Amino acid sequence: MALRSQWGTRAGFIMAAIGSAVGLGNIWRFPAVAYENGGGAFFIPYLFALLTAGIPILIMEFTMGHKYQGAAPLTYRKMNKKTEFIGWWAVLVAFVISTYYSVIIAWAIAYAYFSIDLAWGSNTETFLFNDYLKMVDPGQVGNLVPGVLIPLILVWFVVLFILFRGVRKGIEIANRIFIPALAIIFLIIVIRAVTLDGAIQGLQAFFEPDFSSIFSGEVWVAAYGQIFFSLSIAFGIMITYSSYLSEKSDITNNAFITGFGNSSFELLAGIGVFSVLGFMATQSGVAVDEVVSDGVGLAFVVFPAIINEFPGFNGLFGFLFFATLVLAGLTSLMSLTETYVAGISDKFNISRRKAVMFGGGLAAVISLIYATQGGLSFLDTIDYFINQFGVALLGLVEVVLITWVLRQVKNLKNHADEISDIKLGWWFPVSLNVITPLVLGYMMFDILRLNLLKLFDTPTGNYAGYSDTFILFAGWSVAGAALIVGIVMAATKWRSKEGR
């Protein structure tokens, strides 16, 4: 069967792969995780996790897509027809994430506009939750919020337009523009950040090593969790992208560049974020640990407050910061959407444009729930459960299936070695067969144990204190639906010759 190569160049693929990994979460999640788990000492388990889980799984998924020439569902079906549902499960997880990820990008677009005249005022928390999002109680939907809806429509217009143009003329060209722009803009922000008063205090807090922490199992689990969630593995993204590679692509080298490229951006994000937090701590006369935050609170509450205190060019640097969030978000959203667009096209033998209209259009319509006054509660809950019981569990199932059930590691290793300059040694099978399954298994057990204890503890003992009904509806049911719908899709008859 002829390869369906669609990347114009190898650099185009690498930029797209890095773009899918470098998302919004890299900017605010990694700095907080590193700080809370030993500071500078965290880089020891982090690097070990990158080399024993991140890069090996990248190589595995790159090889799967390249060897079997299909999106995740078709790739799994070609390995074994009984495992096709795993590919659809990954596609459905990517679909769910794309529905709310698009809304966070919409917020960033709005905040880029707000930053011009610092419209968020002095009380940035009240502005976000009351003035901008107009939040209602969890479980209530409320009305659509125009300030979220309008940029959300713009986000989907841009992403679907790019996907309509295809891989080479759409995704590749977009990443060739977005990724360099993201790197340049974020580098400008970091350079400005490290020159602020108090930046050294923040960097000291970030890099100061607590070597005693590396003897804690929780720190090592946090390192593996960060690597796993930041590299966009187990979404089917890397399998889909690598299915478009040319016949002689250097898979192993591509995986190393993607892995270290993503980690370099995370390190740069940590330097920038903690330089700015050090500035804020100095301005407020408090310790750095009193201003450390993560998630949307850091991006849309803490950073606007910090930008207010900048000694000059506040609006410019505010605009640049939120522009980086927009660019990082768009590259990841394109990757997520391409995953189910390719899966639908493969399965039902329809044109790419029809797959974009159906898959992307449906995601865009569903995303409207997050543009309502109750949207943040839905986003917060669905994000938590789909990541914990979608991505983490899916990753564990994927690795165990490939290594222990189908015993494909040697087969994939041989395929990668045939076309790669760097030959895979003993560390590759050991990492996939032993280290990664054990660590992910422990992570999944601990996550499941804690959440079940919360569910049966008290009426408000759930995640974020939400009610049992809301958690079951917006949490457990969504995570479970991704698997159930994946099984249904796998049972649907293939209309393309490749899947028959």
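The values are calculated or read from the model by the stated rules, or taken from the named source; none is laboratory data. Please read these numbers as outputs of a predicted model, since none were measured by experiment. All Cβ positions, glycine included, derive from the backbone under ideal geometry; neighbour counts span all protein chains shown. Please note that ligands, DNA and RNA were not included when accessible areas were found on the heavy atoms of the full protein model with its side chains. Shrake-Rupley method; radii C 1.70, N 1.55, O 1.52, S 1.80 Å.
Quick notes on this structure:
- On the principal axes of its alpha-carbon atoms, region 46-194 has extents of 56, 43, 36 Å, going from largest to smallest.
- The H on the amide N of T372, modeled in the peptide plane, is under 5 Å from the matching H of V145, each at least 5 residues off or on a different chain.
- For region 191-245, alpha-carbon Rg over 2.2 N^0.38 Å: 1.77
- Vicinal HN-Hα couplings computed from phi for region 392-399 (Karplus, 6.51 cos²θ - 1.76 cosθ + 1.60; Hz; Gly/Pro x): 5, 5, 4, x, 5, 4, 4, 5
- Computed from the C-alpha gyration tensor, the three semi-axes of the ellipsoid equivalent to region 236-348 are 38, 17, 12 Å, from longest to shortest.
- Seen from all directions on average, region 1-88 presents a Cα convex hull projection of 7.8 nm².
- Separation of region 307-362 from region 74-93 is 24 Å, based on Cα centroids.
- Relative to the longest principal axis of the Cα atoms of the chain, the long axis of helix 251-284 makes an angle of roughly 10 degrees.
- Relative contact order, whole percent, for region 28-122 stands at 11, derived from Cα pairs under 8 Å and 6 or more residues apart.
- Eigen-decomposition of the gyration tensor built on the alpha-carbon atoms of region 297-390 gives equivalent ellipsoid semi-axes of 34, 18, 12 angstrom, largest listed first.
- Taken over region 166-224, the percentage of Cα pairs per 10 Å bin, counting from 0 up to the bin with the maximum distance, is 17, 23, 24, 26, 10, 0.
- Volume per residue of the convex hull around the Cα atoms, evaluated for region 105-152, comes out as 75 Å³.
- In this structure, the amide hydrogen of I422, modeled 1.01 Å from its nitrogen in the peptide plane, lies closer than 5 angstrom to those of N253, counting only residues at least 5 positions away or on a different chain.
- Accessible area per residue for region 33-145, computed on protein heavy atoms with a 1.4 Å probe, is 32 Å².
- Whole-percent pair-distance distribution, where bins are 10 Å wide, for the alpha carbons of region 130-262: 8, 19, 28, 30, 14, 1
- Under the Debye formula (equal points on every Cα, no solvent term), log10 I(q)/I(0) of region 346-500 at q = 0.10, 0.12, 0.21 Å⁻¹: -0.58, -0.80, -1.25
- From its DSSP helices (H runs of at least four residues, each -39,500 (n - 2.57)), the chain gives a residue-normalised ellipticity at 222 nm of -20000 deg cm²/dmol.
- Listed values for region 418-433 are Karplus-derived 3J(HN,Hα) couplings in whole Hz (6.51 cos²θ - 1.76 cosθ + 1.60, θ = phi - 60°), namely 5, 10, 10, 6, 8, 8, 7, x, 5, 5, 5, x, 5, 4, 6, 7, and x replaces Gly and Pro.
- Cα-based reach from K248 at 13 Å (exclusive), listing aspartates and glutamates while leaving out same-chain residues under 8 positions away: D417, E418, D421
- Bins of 5 Å from zero: percent of alpha-carbon pairs in region 1-49: 4, 16, 15, 16, 14, 11, 9, 7, 5, 2, 0
- Degrees between helix 146-164 axis and first principal axis of the chain (Cα, 0 to 90, nearest 10): 30 degrees
- Quotient of C-alpha Rg and 2.2 N^0.38 Å, computed over region 41-92: 1.43
- Of Y100, N80, M60, farthest towards positive along the dipole that unit charges on Lys, Arg, Asp, Glu beta carbons give region 34-114: N80
- Volume of the Cα convex hull of the chain, divided per residue and given in Å³: 138 Å³
- Rounded to the nearest 20, the size of the Cβ-charge dipole of the chain about its Cα centre is 2720 debye, with Lys and Arg at +1 and Asp and Glu at -1.
- One compactness figure for region 137-201 is 1.74, namely its Cα radius of gyration divided by 2.2 N^0.38 Å.
- Among the protein heavy atoms of the chain, carbon and sulfur supply 65% of the accessible surface, probe 1.4 Å, non-protein parts ignored.
- Å² per residue, accessible surface of region 274-386 at 1.4 Å: 31 Å²
- Relative to the dominant Cα principal axis of the chain, helix 24-36 is inclined by about 70°.
- Highest-first arrangement of 242-248, 102-108, where packing means the average Cβ count within 10 Å: 102-108, 242-248
- Cross-link pairs beyond the 30 Å C-alpha cut-off, checked among K82/K413; K169/K413; K169/K423: K169/K413; K169/K423
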